[in-house]
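Below is one structure, written out as structure tokens, with a few remarks after it.
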Amino acid sequence: MKEILTIQGLSKSYKQIKAIRNLDLEISEGEAYGILGPNGSGKTTTLSIVTGIIRQDSGQFKWFGDEPEASQRRSIGSLIEAPHFYPYLNLERNLKIVCDIKGMPYGDIERVLETAQLADRKKSRFSALSLGMKQRLGIAAALLGDPRVLVLDEPTNGLDPEGIAEVREIVLEQVQRGKTLILASHILSEVEKICNHVAILKKGELLANGPVRELLAEDEIIEISCNNNQDLMIKLKGSNLVKEVAIENGLLVVTLNEKVTPAEINTFTFKSNLVIHHMLSRKRSLESQFLELVKE
Amino acid sequence: MRRLLHIEQIKLLNYNPFRIALGIYFLAFSLGLIIYPAIDKQIPVISLSDLFRFPDVWFFLTWITEPYNILLALIVIMITTKEYSDHTFKTQVIFGLSRAELLLQKLLLLVLLAFFATLLLGVTTLILGLIYSYKLTFGIAMENTWILGRYMVSSIAYMSIGLLVALLIKNTALSLLTFLAFRVFVDPVLFLILRKYEVKWYLPMRATTQLTPVPDLIEIFERKMNNPEPVDNSTFNILPEGLPAWLNMLMVLLYISLAIWLSYRILQRRRFS
């Protein structure tokens, strides 16, 4: 797959605070790439650097395999933090400015306003819009010219549930159309629903990076209940089948060793003369994986 | 360049404070030029009407309208700091303008403003000259029009210094105050402190105002007293003060270049968040 964005050894400090440290990322064409992390983890700083808003202290990044240039940003649709437009201009004029910057005709304005469900407000001033509408205008501006790549930083920030759903729908549609998406968010479920690849940052460092499916499938966890949980726990700990066994709400929560299947646990329990009442494979959510990583 | 100018056009022609400030500029300019000749009638013995005759009118009007450049600089400050407060520099960079283009669009704007200010001055001077001159030939009317070029450079100098102040300080009120303090207080006070030294002529605002210097009014009134008949082809001098004209122009061009270079450096390093 073609490289869209390559980040190598990127670092940025604000006085004493290291916002990102020696960050390496590689994003390929067609990926929906989520950048996850708690507040202050360096998500916005990373996206601000690659969109030219701030300069890195060290390291480098390349767009489409080339050294960064302003002209490359014209084929990228970005929304970094809150959308900022000319408050006294109406939506149409604000988007005309974006078209002029990108060097494209005004013909696409109607389409993106329709997509963002703002067509009926095109003559309203930007300052007169609600927060949700402003956010949608930010996305509409990012969609102008049908860019190859979308860079969205917390696009659902400050939106009500309806607004979140609307924005998510717009973004998902772009992903389904094969666009490359780089999405920074601290809303884990959002990343899980939209992205197929994820990088987890904490205090500017990359903690984990890979396809969402792989990250979630790292360890298989099952919950078991039998006629003697204490006995089974001791026996499982003494075996080489599990990594970890704990009791949660009267259930044994068992993290399996690599390549061990729940069927083997079932056989092991049966051979230990114990009777299983309940056995369930627990799907790890991105949230639990994320919380585990950032807790460390 | 057309693209950058078009962006500025959309931004500014729909921005009320800009339109109002520009309206005030044109109003002050036009009113001034109506009022000055009217004052003439109130002053006994001395007639100022000689000052409005070709070719002297070119020197006189460039001198009296030079302070209007302050207003142009304040307009540039206002629209530049507004980009900061609305975070629109950031938006323009995100969508693909380089930092050099951010500066270029403002420079194009200030050259355009300077051009229109000079054009306005040229047209009004021509009208007043035509009204007040007794005898007219094309040669007399067009003599001294070169001063308009110096007026335009002076306008650009004012606005580029204004732009630098705005980019440096970012806050509108503080930038306006700093610029005004520099033009009205700091530069003149430094000029007074350094009055015994030649270096006083190298001060940025002083060098800029010297581009359109005070005409030798005493000379013209003396001439008027000695020869009460109106004479059209005797021009008055510009007071022989300050640096030689070429050096003065060079200094102002250096200050303009310095202001633009510093503005570029600031924009290159600025974090747009």
Using a 10 angstrom cutoff on alpha carbons, build the Gaussian network for chain B and name the most mobile of B:Glu143, B:Glu101, B:Glu198.
B:Glu198
Karplus-derived 3J(HN,Hα), 6.51/-1.76/1.60, for each residue of region A:3-16, Hz, glycine and proline x:
6, 9, 9, 10, 10, 10, x, 6, 9, 8, 10, 10, 6, 7
Measuring from the longest principal axis of the C-alpha atoms of chain B, the long axis of helix B:147-169 (C-alpha) lies at a number of degrees, nearest 10, equal to 30 degrees
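So what are region A:3-216's ellipsoid semi-axes, whole angstrom, largest first, if each one is the square root of 5 times an eigenvalue of the alpha-carbon gyration tensor? Each step should come with its number before you reach the end.
Values: eigenvalues 154, 70, 56 Å².
Largest first, region A:3-216 gives 28, 19, 17 Å.
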If you average the C-alpha positions of region B:53-91 and of region A:178-249 separately, how far apart do those two centres end up, in angstrom?
63 Å
For A:45-51, mean number of other protein chain Cβ atoms within 10 Å
2
Partner chain Cβ atoms within 10 Å, averaged over the residues of A:100-106 - can you pull that number for me?
4
5 Å is the cut-off here: which amide hydrogens, built 1.01 Å from N in the peptide plane, fall below it relative to A:Arg282, excluding neighbours closer than 5 in sequence?
A:Ile221, A:Ile222, A:Glu223
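With a cap of 16 neighbouring Cβ atoms within 10 Å, and only residues DSSP puts in a loop, list the trypsin sites (Lys or Arg not before Pro) found in region A:1-81. Display every interim value, and only then the final one.
Values: sites: A:Lys2, A:Lys12, A:Lys15, A:Lys18, A:Arg21, A:Lys43, A:Arg55, A:Lys62, A:Arg73, A:Arg74; in loops: A:Lys2, A:Lys15, A:Arg55, A:Arg74.
Counting only loop positions with at most 16 other Cβ atoms within 10 Å, the trypsin sites (Lys or Arg not before Pro) in region A:1-81 are A:Lys2, A:Lys15, A:Arg55.
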The rounded separation in angstrom of the Cα centers of region A:1-62 and region A:107-177 is 24 Å
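Per residue of A:74-81, count partner chain C-beta atoms within 10 Å of its C-beta, then hand back the mean as an integer.
Values: counts 3, 1, 3, 2, 5, 2, 6, 3.
Average neighbour count from other chains, rounded to a whole number: 3.
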Under-5 Å amide H pairs with A:Val198, H placed in peptide plane, nonlocal only
A:Gly34, A:Gly210, A:Val212
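Given region A:221-295, what whole percent of its Cα pairs are spread farther than 19 Å?
Every Cα pair in region A:221-295 considered, those over 19 Å come to 31 percent.
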Out of A:Ala32, A:Ala119, A:Ala70, a Gaussian network model of chain A with alpha-carbon springs under 10 Å gives the largest mean-square fluctuation to A:Ala70
Hey, what do the phi angles of region A:62-79 turn into as Karplus ³J(HN,Hα) couplings, whole Hz, using 6.51/-1.76/1.60 and θ = phi - 60°, x for Gly and Pro?
10, 9, 6, x, 10, 4, x, 9, 4, 4, 5, 5, 6, 9, 10, x, 10, 9
Between the DSSP loop rule and a limit of at most 15 other Cβ atoms within 10 Å, which GluC sites (Glu not before Pro) in region A:1-39 are left?
A:Glu29
Between A:Leu181, A:Leu144, A:Leu131, find the one with the highest GNM mean-square fluctuation for chain A; connect C-alpha pairs within less than 10 Å.
A:Leu131
Given Cα pairs under 8 Å that are at least 6 residues apart, what percent is the relative contact order of chain A?
20 percent
DSSP loop chymotrypsin sites (Phe, Trp or Tyr not before Pro) with at most 13 other Cβ within 10 Å excluded, longest remaining stretch of chain B:
B:1-133
Helix B:16-40: angle to the longest alpha-carbon principal axis of chain B, degrees 0 to 90, nearest 10?
10 degrees
5 angstrom amide H check on B:Ser133, placed H, neighbours 5+ away:
B:Phe54
Region B:118-131 - phi-based ³J(HN,Hα) in whole Hz, Karplus 6.51/-1.76/1.60, Gly and Pro as x:
5, 4, 4, 4, x, 5, 5, 5, 4, 5, 4, x, 5, 6
Counting only helical runs of four or more DSSP H residues, what would the 222 nm mean residue ellipticity of chain A come to if each run contributes -39,500 (n - 2.57) and the total is spread over all its residues?
-10000 deg cm²/dmol
Using only helices, what value at 222 nm comes out for chain B when you add -39,500 (n - 2.57) per DSSP H run of length 4 or more and divide by the total residues, to the nearest 500 deg cm²/dmol?
-23000 deg cm²/dmol
Set of lysines near B:Lys170 by C-alpha distance (under 18 Å), chain-local residues within fewer than 8 positions excluded
B:Lys82, B:Lys90, B:Lys106
Semi-axes of region B:41-188 from the Cα gyration tensor (sqrt of 5 times each eigenvalue, largest first, whole Å) come to 38, 18, 10
Relative contact order, percent, of chain B when contacts are C-alpha pairs under 8 Å separated by at least 6 residues?
27 percent
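Based only on Cα atoms, what Rg/Rh ratio does region B:2-269 have, Rh being taken as Kirkwood's radius? It would help to have the intermediate numbers written out before the result.
Working: Rg = 20.3 Å, Rh = 20.0 Å.
Using Cα coordinates only, the ratio equals 1.01.
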Bin width 5 Å, alpha-carbon pairs only: give the P(r) of region A:89-130 as whole percents, running from 0 to the bin holding the largest distance.
6, 26, 32, 24, 10, 2
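Of all GluC sites (Glu not before Pro) in region A:37-99, which ones are in loop regions per DSSP and have a Cβ with at most 14 other Cβ atoms within 10 Å? Kindly include the intermediate steps, with their values, before the conclusion.
Values: sites: A:Glu69, A:Glu81, A:Glu92; in loops: A:Glu69, A:Glu81.
Sparse-neighbourhood loop GluC sites (Glu not before Pro): A:Glu69.
Coordinate-derived values only; no laboratory data. Since this is a predicted model, take the numbers as computed values, not measurements. Quick reminder, even Gly has a Cβ in these numbers, built from the backbone with ideal geometry, and neighbours come from all protein chains shown.
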